Amino acid sequence: MFESLGFENYTAPQVAVGVALILGAAFGLLAERTKFCFRRGLVGDDRKQAMGVWLTALAVAVLGTQAGVLSGLITFDDHRFMAGDLPILAIVLGGLMFGAGMVLTRGCVSRLTVLSASGNLRGVFVLLVFAITAHATLKGVLAPVRTTLGSLTVPLGDTVSLATLPGGALVWSVLIALAALAVALRSGNRVTTLVMAALLGALVPAGWIGTGFVLYDDFDPVALESLSFTAPYADTLFWTVASTSIPANFGVGLIGGTLIGALVASLVFGSFQWQSFHTPAETGRYAGGAVLMGIGGVLAGGCTVGAGLAGVPTLSIAALLAILSIAAGALLANAALKPSRQSAYAQPAE
């Protein structure tokens, strides 16, 4: 479709950066306003409200993405989520690591991106360590770990998606969306918050259809992508230090847009506030969590957004396994940390 849009002076990959910038800005603004965060939905003090926001976004993302598939606009047949051999050990171990890491850093990557743009220097530190570690796992010194774990696979045959199970894509999409909305509507959130969460979820099919249909070009193809933060942070790090040698891509635009959108929202609504670490021990905990998320996000095939919010709507078995593993890692880490937190609270104030 791209060749009919009239962009004579730009290639599809170049326009993709602009599209990602817009999607990222919208995500940053909506995520800042709704406090969108999967970790909070699992272990936060306001977990009921936070999970309601996340599930509302997921429901819309599922319905919108599968509407695009059923209408023939996009297909995930050749996407990495639909690989016939499931790297089960890498996904499960990576998911557990990422989940534990986001508990240690008190936020998943998307949430920390929004917080960083809102003045949180802890988030900036975590994202820098995360990006370096993710890049090292993808293409650097930790790549052998990724390839070794990824080589241990389970053949799925044709059962790579829920769409191949009885009922097909339509039934499973509706079931997931209805279950998510049933929880969301009892979460106690204001209607305006749920509406913003729904708009955030709509960005997922917008990304899939934008890259897979609108920007489709036989001569200069664009990868089928949507919201994601693990690979985009690795790409952004590489582009930042070598921008004269490599062009920006969709991921770079997405990260930049998210930071801009969140910054604007925090300034307009008065939530911008400088924050930093309080103790060296806290710095160490956040650094450890960032490393776990960097390695884990790559092994699992994505973060809570890439494998969760954008991955689950593809109905991929791999994406479902990843987000469930991330949730398990977060719950286990939170349970393990509870005694130490309670002990710390019992100490007299200094």
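Remark: the LEU337-LEU128 segment gains 72.8 nm on full extension, using 0.36 nm per residue and subtracting the alpha carbon distance. Mean sequence separation of contacting Cα pairs (under 8 Å, at least six apart), scaled by the length of the range 19-114, corresponds to a relative contact order of 34 percent. Each semi-axis of the equivalent ellipsoid for the range 192-350 is √(5λ) with λ an eigenvalue of the Cα gyration tensor; in descending order they amount to 33, 20, 18 Å. Annotation: for a label point projected 7 angstrom from Cα along Cα→Cβ of SER276, residues of the range 106-138 with backbone N closer than 17 Å are 116-128. On a straight-distance basis, which lysines could pair with LYS338 in a cross-link, Cα separation under 24 angstrom, same-chain partners fewer than 8 positions away excluded? Of all the lysines, those that pass the test against LYS338 - Cα under 24 Å, at least 8 places apart if same chain - are LYS35, LYS48. With the cut-off at 1.5 for a/c, could you classify the range 98-163 from its C-alpha gyration tensor as rounded, prolate or oblate? Cα axes put the range 98-163 in the oblate bin. For the chain, the mean residue ellipticity at 222 nm estimated from helices alone is -21500 deg cm²/dmol, where every DSSP H run of n ≥ 4 contributes -39500 (n - 2.57) and the total is divided by all residues, rounded to the nearest 500.
Relative protection proxy for 93-102, 190-199, from highest mean packing down: 93-102, 190-199 (other beta-carbon atoms within 10 angstrom).
When you restrict to C-alpha pairs under 8 Å that are six or more residues apart and normalise by the size of the chain, the relative contact order lands at 39 percent. As a rough guide to protection, the peptides 12-18, 269-275 ranked by mean Cβ packing within 10 Å, highest first, stand as 12-18, 269-275.
Just the number, please: carbon plus sulfur as a percent of the accessible area of the chain, 1.4 Å probe, no ligands or DNA/RNA counted.
Values: 10590 of 15830 Å².
Of all accessible area on the chain, carbon and sulfur atoms account for 67 percent.
Between the C-alpha center of the range 136-205 and that of the range 72-94 there is a gap of 11 Å. Label positions at ASP45 and ILE246, each projected 7 Å from the Cα along the C-beta direction, are separated by 4.1 nm. Dipole magnitude for the chain: about 1480 debye, using +1 per Lys or Arg Cβ and -1 per Asp or Glu Cβ, origin at the Cα centre.
Using every Cα-Cα pair within the chain, state what percent have a distance larger than 37 Å.
Values: 8357 of 61075 pairs.
Of all Cα-Cα pairs in the chain, 14 percent lie more than 37 Å apart.
Return one whole number: the accessible area per residue of the chain in Å², for a 1.4 Å probe. Please list the in-between numbers first.
Numbers: 15830 Å² over 350 residues.
For the chain, the solvent-accessible area averages 45 Å² per residue.
Order of 155-161, 78-84, 200-206 by packing, highest average Cβ count within 10 Å first?
Details: 155-161: 14.0, 78-84: 16.0, 200-206: 24.9.
In decreasing order of mean packing, 155-161, 78-84, 200-206 become 200-206, 78-84, 155-161.
The values are calculated or read from the model by the stated rules, or taken from the named source; none is laboratory data. The structure displayed is predicted, hence computed values, not measured ones. Note: ideal-geometry Cβ built from the backbone for every residue, glycine included; neighbour counts use all protein chains shown. Ligands, DNA and RNA are excluded from the accessible area calculation, which covers all protein heavy atoms including side chains. Shrake-Rupley method; radii C 1.70, N 1.55, O 1.52, S 1.80 Å.
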